[in-house]
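As structure tokens, the structure follows; a few thoughts come after it.
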Amino acid sequence: MSQYESPAIEITGRKIAFYGSGSMAEAIAKGMLDRRLTTPDQLIMINRSNEARLEELRGRYGVVTPTTEDDKLTQLHEADIIFLAVKPKDAQEAILKLRNTVRSGQMVISVIAGLSILTMEQLLDKPVSIVRTMPNTSSTIGLGATGISFSEKVTQAQQDIAIEIFHSLGITIVVEEPLLDTVTGLSGTGPAYIYYMMEAMIQAGHALGLEEADARKLTVQTVLGAARMVQITGEEPADLRRKVTSPGGTTQAAIETLEQHRFTDSVVKAVSRATQRAGELGAMIERSTIK
């Protein structure tokens, strides 16, 4: 089944609440609506106090946006699926607030970097099915990349639903939970690396005489074409790179310059640092729960 076909798993009709209404929550909600996995009246967006943000989302997508505390808790209690999408620093407070609200049979899906399933279970102190994920913002356009892990209490049917949701937003890789920090460093944070590279390419083209708009067009198409070449041909990036690197040519000169500045090492270190930071964020939350 392609990511654009109707899902085999029945998701429409299930009430889905987003606890947190930031960019990732919006990306997932928009992707689900665009793929017709659900309808606006089945999506509830909740945050602590930013009513302007809720009004923006309601106007943009037609989703349900409760504003009173009682209504928020009622919607969370009645939801079939709760997406936990708050900032890591707000995770403990949010989960503790859910403790007296969640019920048996619900599935909690976390998109919080570094927050372990064990910590969520301890904070909730209830036998709730927990799914830990790390998507990225390309989910908005159906080209997301998501790593996903499950607690022992997640049923097969719930696993299928969770996978189907994220599959509809791009690709989904099921991994052992310790590897989710690596997924965070690689693909969760990854779009920013590519954008950063694109910024530099546009800047270089403009500095060397191109109109900035033309440099941008060329950069975007180059990155898009390179990604599609890897996807369509199935060849390794290293092999494709070697094919366009003629001895003594322009590409070789460019690659040699990048390597002189330790480009590969820098990227590896960046991914490693993001992975490490994901673990640090989780550890910070874990320490705060012990107090």
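For helix 263-290, report the angle its Cα long axis makes with the longest principal axis of the Cα atoms of the chain; keep it between 0 and 90° and round to the nearest 10°.
That helix lies at roughly 20 degrees to the long axis.
Taking θ = phi - 60°, what integer Hz values does the Karplus form 6.51 cos²θ - 1.76 cosθ + 1.60 yield along region 120-129, in sequence order, with x for Gly and Pro?
5, 5, 5, 6, 6, 6, 8, x, 10, 6
Beyond 29 Å, what share of the Cα-Cα pairs of the chain remains, rounded to the nearest whole percent?
Percentage above 29 Å: 41.
Please list, in order along region 20-27, the HN-Hα scalar couplings obtained from phi with the Karplus expression 6.51 cos²θ - 1.76 cosθ + 1.60 (θ = phi - 60°), rounded to whole Hz, x for Gly and Pro.
Computed from phi, the couplings for region 20-27 are x, 10, x, 5, 6, 4, 5, 4 Hz.
Highest mean first, what order results for 50-57, 71-78 on Cβ atoms within 10 Å?
Answer by packing, highest mean first, reads 71-78, 50-57.
Evaluate the charge dipole of the chain about its Cα centre and quote only its size in Debye, nearest 20, assuming +1 on the Cβ of each Lys and Arg and -1 on the Cβ of each Asp and Glu.
Computed about the Cα centre, the dipole is about 260 debye.
Sequence gap at least 6, Cα distance under 8 Å: using those rules, report the relative contact order of the chain to the nearest whole percent.
It rounds to 17 percent for the chain.
Which one, V111, L43, L98, is farthest towards the positive end of the dipole of region 16-180 when Lys and Arg carry +1 and Asp and Glu -1 on their Cβ?
V111
For a quick check: with amide H placed at 1.01 Å from N, whose amide H comes under 5 Å from S110's, ignoring anything fewer than 5 positions away on the same chain?
HN-HN under 5 Å from S110: L84, V131, R132, T133.
Between F18 and residues 5 or more places away or on another chain, which pairs have amide H atoms under 5 Å apart, with H built 1.01 Å from N, and which residues are they?
Answer set, sorted by chain and number: I44, M45, I46, F83.
With θ taken as phi - 60° and the coefficients 6.51, -1.76 and 1.60, list the Karplus ³J(HN,Hα) couplings across region 231-244 in order, rounded to whole Hz; mark glycine and proline as x.
5, 6, 7, x, 7, 6, x, 4, 5, 5, 4, 5, 5, 9
Based on the Cβ-Cβ distance of D214 and S104, what FRET efficiency does E = 1/(1 + (r/R0)^6) give at R0 = 45 Å, to the nearest 0.05?
It comes to 0.15.
What share of the DSSP beta bridges in the chain is antiparallel, in percent to the nearest 5?
Taking every DSSP beta bridge within the chain, about 15 percent pair in antiparallel fashion.
Give the cross-link partners of K97 among the lysines, using a straight C-alpha distance below 19 Å as the criterion and excluding same-chain residues fewer than 8 apart.
Cross-link targets: K72, K87, K89, K126, K291.
With +1 assigned to the C-beta of every Lys and Arg and -1 to the C-beta of every Asp and Glu, and no other charges, what is the dipole magnitude of region 16-180 about the Cα centre in debye, to the nearest 20?
Approximately 200 debye in magnitude.
From the residues T222, Q203, G190, which one has its Cα farthest along the dipole of region 170-228 in the positive direction, the dipole being from +1 and -1 charges on Cβ of Lys/Arg and Asp/Glu about the Cα centre?
My answer, from the dipole projection, is T222.
Quick one: helix 250-260 against the long Cα principal axis of the chain, what's the angle to the nearest 10°, folded into 0 to 90?
60
Coordinate-derived values only; no laboratory data. Being a predicted model, the structure only gives us computed values, none of them experimental. So basically every Cβ, Gly included, is an ideal-geometry build from the backbone, and we count neighbours across all protein chains shown.
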